[in-house]
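The values are calculated or read from the model by the stated rules, or taken from the named source; none is laboratory data. Here the structure is a predicted model, which is why all the values come from computation and not from measurement. Here Cβ is always computed from backbone atoms with ideal geometry, including for glycine, and neighbour counts include all displayed protein chains.
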């Protein structure tokens, strides 16, 4: 387990090292790494036609990791109306950020010292009317590329990583080698910590203060490989944070410095089983956020195709 | 223009002819036609790596076709909190059925004379707590198959079909031939009526009573080809309805009889342009509904990959 | 402490004894007891001009007694717009029934064996579109009458009643005598159990299964005095229920049999202090539910005027 | 009809003249004028026991004056659950500001050049987490005082005032004299413009840009009489605004300068009838806002007691 503390200066040096500000002008940041060539190559990986959802069911029950539960109301049942056919209809509402809903973080979700990705002022980019810059609409055409599952508990031979664990780049590299996965340009890297397996076994807790994730140095490894998206069954951040004064260093590095959207609270259990069964940890990964004008992200149902 | 009226008896005969009740037992109905083989074949169509969103932006402004607008609220801005990085967060809520939101209809959305797909009682399947049968969760692993755009206005050389128009099977067949598209097993058929082009040009109206769509006889053509999903820029139904006493015959035939999910209120304008540009009307179509327990459908952002 | 069990037959006899079906035809049930004369008399009790809110703050934090927390979102801040003056605006949403929000129960909230007040079928009265009969709109003109606080913990010399306690009519009568309050026609009876004092001291629990309240025999006493409304700092029901097979006998007797609206989850702490300070336990009580068409009740802020 | 234009300087002089900053320190502003003596005196006016709601039904239907309609969903019907009695339950959600919902404006709703009442900075007082100063919680104990209806259309012998009309102090004084109402300290002044009668007769329009209300000079008259609250069937502002560069001068003067809460979109039709019938235009007026932490106001159901 690697939770070595890091000073703010060391963090800042990493921030500068991985920063991609000014490289693209279409608002999609590192998703540009997942370009047409990557999409075609990823589609070629679909050889079995099997698909796996990487999302959890939206959860309407409050709990330690779900203080603002999704609301789901039937708005019409077949007890009203006279014309045939009759309709059953519902309303879904979600404050999807947090530790429960599988969701994508757009760049304007996160700012460091007042700046979102590209150095734009957060208060200029996001008002009470929503995000005018860095919003999820920039990703409206979806994200399609090769997904690579890095299954840390499998590598360690454990069921899950204990909260507090921060996984570093050497271990990620070992896992990739072990799996035969060469992480490369435009990949969607999904890091499994086993958080949900732990939740199933031991019950829910609040991952806001106690979670397994990545060590900030892992982001240098990610940046070198020019990944497009980072996802996890947690929110990619280890807590307590390894960095002094920065509660969510991975969020800051991915969203603010690199322009790498995050996928939080993914369901990687079924995926891990499928990967183990097929003996391959790469697949076509599809992510299509809702077109929420001004949205700081979106609830999503990413799907892996093998 | 074909809006020939049809008796209830004639409709019932079509219902029986296209009915697939009892054919599958996994709750996915005709989506089973889009099996592994179809998925692999569709993925092979991705040769340019270009992607097109088939959804509209969620619309928070009320209008004739949007009486229950989506609500989007910022729940947190960077004006609160002290720890770095800071977060901007939002809430999205939508009564997504209706004529505005791009959404998928699950089978339990619709019942005819009290029965949803498979002949299950609607009141048994769907209570105020949501759908226990026929819900969108049955489609949680997503729908991936070949999409085929049938562009009716392009075929007719018009900008859009006037509301009230009901497109029949002969014309669909002509369009398919003209485009070089052989509609076949497991296809997602997307029928463009130009409704949104009309809305842009002339302003919004209420399509509940006045819309272009399909004639019920078109569903026989669809059933013969064993399509998996039917989508449209409207809701696939022509209104006033060609069928006596049945306000939404296509909904009844697709959802209740055939087990074909519907994609309503799609954005087919960009897709039509892309198809015209590339000279091909087939593509990999991806649909990943949110995992809404008990949901009668889901807002979606379907994406076409070429 | 009185938690003697009661058979369903005994309960049914009480139900019949207190039933007021057919007595009024304006949908206001026993609120008719709080007629013009009672209103004038109650207003005459306002001699100090002091007011006390009987509501709690709406609670946006989930907890054992608040699984569906109120949602409160700022919809506009002064960071948008250009015209002066600028506006800050918000959205409030609440599933107000339950054990947290101070609210009024309209008659259609509750049914026994399928019947709401007046013997109307619940499924006929309330559909997915709301209540067409027995809704809170029948009480749109508000409820104004003499309020009487019956402070049970004060009488017993304890801080609160333990959950499970069911207070019977003899004790209510003793309390009324002790306080010098003659409960009479049209009164709003507020029974303090000290539930919120206990919550403050010991933390929240789920009162759905464990609560202090009234014994069903207390409702005979209430009916004999022809009260208009019953309120409590809990929801008036003691749980585990004293009645076999009836989880919320007081709800059934008050709402279904008597047509007595309930006020649940009231804040009676400040009121108890004020009553003690002034040495009087009667006051003008005001209740003005929101005009929610089809509502099964309403969040309210009842106020006592002394 | 009086719509004389006013310069910003003239407006500023009125602002200074009516300003009460620094007079009270309890956050209730001019509601302090409605003190215990006023409450007792107002209660004495209750001699008939008749009550009139001053609110409209919450409106779930979008329209020109209701772009963000209230949402009302049944969350539970008696089609679920097994224990007796069964419950019907609902959810109510409303962005209550605007031109449809009867609501109270708290002081933090409105700021002029960045300042809310008492000169507090709006951005300091209200964040995305709600209002920490000037919120509706300061009025949690309710507002009870003498209400006075000033019925302008009745005075003019018309059914309603045309939008654009700005009523000045001389006319208010005439109306008060005519009615025999001496407006005095702590009164809740309700100004009827007939807006809702016009809406009923002619259909809805958007009062944001076209409304009958008060001329800013009327606020001097109000301030001299030390009123506690101002209400109207519109939102008290005449539009187009008589003041250059100030879209809602009455909001600015009442909320920002005077600390006078506003009651917007009241139902004054039934009240006007009752007043005419009884030949008196004064009554006990009750207003009990919901206890919304951080709320910029609240939906309310004010009630007049005669």
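Things worth noting here:
- Residues in the stretch B:270-291 that are in contact with a helix residue (DSSP H, G or I) (Cβ under 6 Å, 6 or more places away or on another chain) and either farther than 21 Å from residue A:136 by Cα or more than 9 Å from chain A (Cβ to nearest Cβ) (or both): B:281, B:284.
- Considering the conditions (1) more than 29 Å from residue A:43 (Cβ to Cβ); (2) surrounded by 24 or more Cβ atoms within 10 Å (Cβ to Cβ); (3) within 14 Å of chain B (Cβ to nearest Cβ), residue A:211 is excluded by exactly one of them, (3).
- Subset of the stretch B:166-182 [closer than 18 Å to residue B:266 by Cβ and surrounded by 21 or more Cβ atoms within 10 Å (Cβ to Cβ)]: B:167, B:172, B:175
- Qualifying residue in the stretch C:194-208 (condition: touching a strand residue (DSSP E or B) at 6+ places or on another chain (Cβ under 6 Å), buried (at least 23 other Cβ atoms within 10 Å of the Cβ) and either more than 14 Å from chain D (Cβ to nearest Cβ) or touching a residue at least 60 places away in the same chain (Cβ under 8 Å) (or both)): no
- So residue A:12, is it buried (at least 21 other Cβ atoms within 10 Å of the Cβ) and either at pLDDT below 95 or not in a loop (DSSP other than H, G, I, E, B) (or both): no
- Within the stretch D:44-102, restricting attention to residues that are more than 7 Å from chain C (Cβ to nearest Cβ), touching a helix residue (DSSP H, G or I) at 6+ places or on another chain (Cβ under 9 Å) and under 30 Å from residue C:44 (Cβ atoms), the residue that is surrounded by the fewest Cβ atoms within 10 Å (Cβ to Cβ) is D:44.
- Any chance residue D:187 is under 22 Å from residue D:235 (Cβ atoms), at pLDDT 95 or above, away from every other protein chain (no Cβ under 14 Å) and under 18 Å from the mean Cα position of the chain (by Cα): yes
- Residue check for residue B:285: within 14 Å of the chain's Cα centre (by Cα) and in contact (Cβ under 8 Å) with a residue 12 or more places away in the chain: yes
- Checking D:300, D:256, D:260 one by one, the residue that is under 13 Å from the mean Cα position of the chain (by Cα), at the interface with chain C (Cβ under 9 Å from one of its Cβ atoms) and in contact (Cβ under 8 Å) with a residue 12 or more places away in the chain is D:300 and no other.
- Candidates C:172, C:190 - the one that is part of a strand (DSSP E or B) and either over 21 Å from residue C:26 (Cβ atoms) or free of Cβ contacts under 8 Å to residues at least 60 places away in the same chain (or both): C:190
- Qualifying positions in the stretch A:107-124 - within 12 Å of chain C (Cβ to nearest Cβ) and crowded, with 22+ Cβ neighbours inside 10 Å: A:122
- Output for the stretch A:292-304, where each listed residue is crowded, with 24+ Cβ neighbours inside 10 Å and in contact with a helix residue (DSSP H, G or I) (Cβ under 7 Å, 6 or more places away or on another chain): A:292, A:295, A:296, A:297, A:298, A:304
- Check on residue C:20, assigned to a loop (DSSP other than H, G, I, E, B) and out of contact with any helix residue (DSSP H, G or I) (no Cβ under 9 Å at 6 or more places or on another chain): no
- For the stretch A:142-164, the tally of residues that are buried (at least 22 other Cβ atoms within 10 Å of the Cβ) and either within 10 Å of chain B (Cβ to nearest Cβ) or part of a loop (DSSP other than H, G, I, E, B) (or both) stands at 6.
- Test: residue in the stretch C:33-41 that is within 12 Å of chain D (Cβ to nearest Cβ) and outside any helix (DSSP H, G or I): yes
- Among (1) surrounded by fewer than 21 Cβ atoms within 10 Å (Cβ to Cβ); (2) in a helix (DSSP H, G or I); (3) touching a residue at least 24 places away in the same chain (Cβ under 8 Å) - the single one residue C:133 does not satisfy: (2)
- For residue C:113, the requirement of being out of contact with any strand residue (DSSP E or B) (no Cβ under 8 Å at 6 or more places or on another chain) and at pLDDT 95 or above is not met.
- Test result for residue B:230, within 30 Å of residue A:302 (Cα to Cα) and without any contact (Cβ under 8 Å) to a residue 60 or more places away in the chain: yes
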